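Only one structure is covered here, and it is reproduced in the block below.
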Amino acid sequence: MSQNVYQFIDLQRVDPPKKPLKIRKIEFVEIYEPFSEGQAKAQADRCLSCGNPYCEWKCPVHNYIPNWLKLANEGRIFEAAELSHQTNTLPEVCGRVCPQDRLCEGSCTLNDEFGAVTIGNIERYINDKAFEMGWRPDMSGVKQTGKKVAIIGAGPAGLACADVLTRNGVKAVVFDRHPEIGGLLTFGIPAFKLEKEVMTRRREIFTGMGIEFKLNTEVGRDVQLDDLLSDYDAVFLGVGTYQSMHGGLENEDADGVYAALPFLIANTKQLMGFGETRDEPFVSMEGKRVVVLGGGDTAMDCVRTSVRQGAKHVTCAYRRDEENMPGSRREVKNAREEG
C-alpha cells in the first residue's frame, strides 16, 4: 500500500464511468465501465486497513475486504481472487449487484467525510481480471470422498452448496428447470445490472471444477424426488423464492396489472432467446403509461426495464419517503436518471 497516510484525502473516491444516458435507456447491457488497472490500484490504496474493519463485519459473508484491497493495490490479482473466493462463491456477481452503500461501503470509516472506498467495483475488477488472465480455482489438492449429492436449484444457494461440496471432494449434481444456471441472478436481475455472460462464464468455471449441471430438468416432472433420494447420498433443496407478494389491493388481478418477477423473468428470457412460457408470458410496456408499486431493488428493475422497453411514462409509487426506500440508493439514482 502507499506510504502516504493521507492518500484518502489526496485521492478522492472515483466510481467507474457510466455509459451515455441515451445508450443506457435503450440497451440491456451493464451501464458501468470496468476499472482500469491504474484506477483499481489507486482506489484500493485509499483503504486505511482499519484495525477493526467495519466493512468486513457489515458484509453478510464477512469477506476479507481490507486484505484483498491490499493485494489488488499491489497487483497480486490471482492471490486477491483466491482470497475473495474463500468467503464468497460468486464474488464477481456481488461486486456488481450487492447494495454496497448499505453494507460494506456504508460502514467504511471514510464514508461520511471523504467518500467510502469503492469496494464493490474493486471486487468486480479483481475477479473479472483474474478470470481474463486464466485464473481458476485450484482443485489439485481435493481428495474425492466417493459421495454424491443432488442439488435442486441452480440459484445462489444451490451454487454455493455445490461449490463447497466440490471443494471437499463430494460430487455435486445440480438440477434446474431453467436453461441456464443462476436462478434469479440470471433471469430475475436485468442485464443492465448483471450481464448474462457473467453467469455463462461461471457455469464453465464450475463445470471445470467437476460440478455437473442438468438444466431444463424439473424435479417432479422430468425426474422424481424419490429417485434422487435413493440414488444420492443426500439431496439439497435450493428452490428459491419465486412466489410474488400480493399487496391485498382492490382489483390487483385486473387486466394490465402484472407481478414483478414474472415480468422481469419473461423479459430476460426473451432477450436471451429462450421465448416465453405460460406462467411467465412476455409483456411489453412500449408506448404505455406505467406505475410501479414498491421502493426496493425489484421495483427499480421494473422501472428501468419499462423505460428500455419504450414506455411512454414511468412512475414509481412508494408508501414512505425516499430515505426509507429499502433498495440500493445507487439503483434509485440510476432509475431517476433514466427517466
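Report the relative contact order of the range 12-144, percent, no decimals, based on alpha-carbon pairs under 8 angstrom and at least 6 residues apart. Could you put the intermediate results ahead of the total?
On the way: 163 pairs, mean separation 37.5, N = 133.
That works out to 28 percent.
With an 8 Å Cα cut-off and a minimum separation of 6 or more residues, compute the relative contact order for the range 148-237 in percent. Could you put the intermediate results ahead of the total?
Values: 133 pairs, mean separation 37.1, N = 90.
Here the relative contact order equals 41 percent.
What order do you get for 128, 101 when you list them from fewest to most C-beta neighbours inside 10 Å? Write out the running numbers ahead of the final one.
Details: 128 20, 101 16.
Listing 128, 101 from fewest to most nearby Cβ atoms yields 101, 128.
Taking 8 Å as the Cα distance limit and 6 or more residues as the minimum spacing, I'd like the relative contact order of the chain as a percentage. Mind dumping the intermediate values first?
On the way: 527 pairs, mean separation 51.5, N = 339.
This gives 15 percent for the chain.
Got a sec to turn the phi values of the range 72-81 into Karplus ³J(HN,Hα) couplings, 6.51 cos²θ - 1.76 cosθ + 1.60 with θ = phi - 60°, whole Hz, x for Gly and Pro?
5, 4, 8, x, 8, 5, 4, 5, 5, 5
Considering the Cα trace of the range 47-132, what is its radius of gyration and what is Dmax, both in angstroms?
Rg and Dmax of the range 47-132, Cα atoms, are 11.7, 35 Å.
List the lysines whose alpha-carbon lies under 17 Å from that of residue 214, not counting same-chain residues fewer than 8 positions away?
Leaving aside lysines fewer than 8 places away in the same chain, those within reach of residue 214 are 148, 171.
Could you list 338, 331, 218 in order of exposure, starting from the residue whose Cβ has the fewest other Cβ atoms within 10 Å? The partial results should precede the final answer.
Numbers: 338 17, 331 22, 218 12.
In increasing order of surrounding Cβ atoms, one gets 218, 338, 331.
Treat each spin label as a single point 7 Å out from the Cα along the C-beta direction, and report the residue 147 to residue 27 distance in nm.
Placing both labels 7 Å beyond Cα along the Cβ direction yields 4.7 nm.
Take the Cβ-Cβ distance between residue 317 and residue 42 as r, set R0 to 25 Å, and report the resulting FRET efficiency rounded to the nearest 0.05.
On the way: r = 41 Å, r/R0 = 1.65.
FRET efficiency, residue 317 to residue 42: 0.05.
Calculated FRET efficiency, residue 237 and residue 10, Cβ-Cβ r, R0 45 Å, to nearest 0.05? Intermediate results must be reported in sequence, preceding the final value.
On the way: r = 52 Å, r/R0 = 1.15.
Result of the calculation: an efficiency of 0.30.
Tell me the mean residue ellipticity at 222 nm calculated for the chain from its helices only (DSSP H runs of n ≥ 4, each -39500 (n - 2.57), averaged over every residue, nearest 500). Can you show the working numbers first?
Values: 15 runs with 131 residues, N = 339.
For the chain, the value works out to -11000 deg cm²/dmol.
Values in this text are rule-based calculations from the coordinates and carry no lab data. Worth saying up front: this structure is predicted, and the values here are computed from it rather than measured. Reconstructed Cβ throughout: ideal geometry from the backbone, glycine too, with neighbour counts over all protein chains shown.
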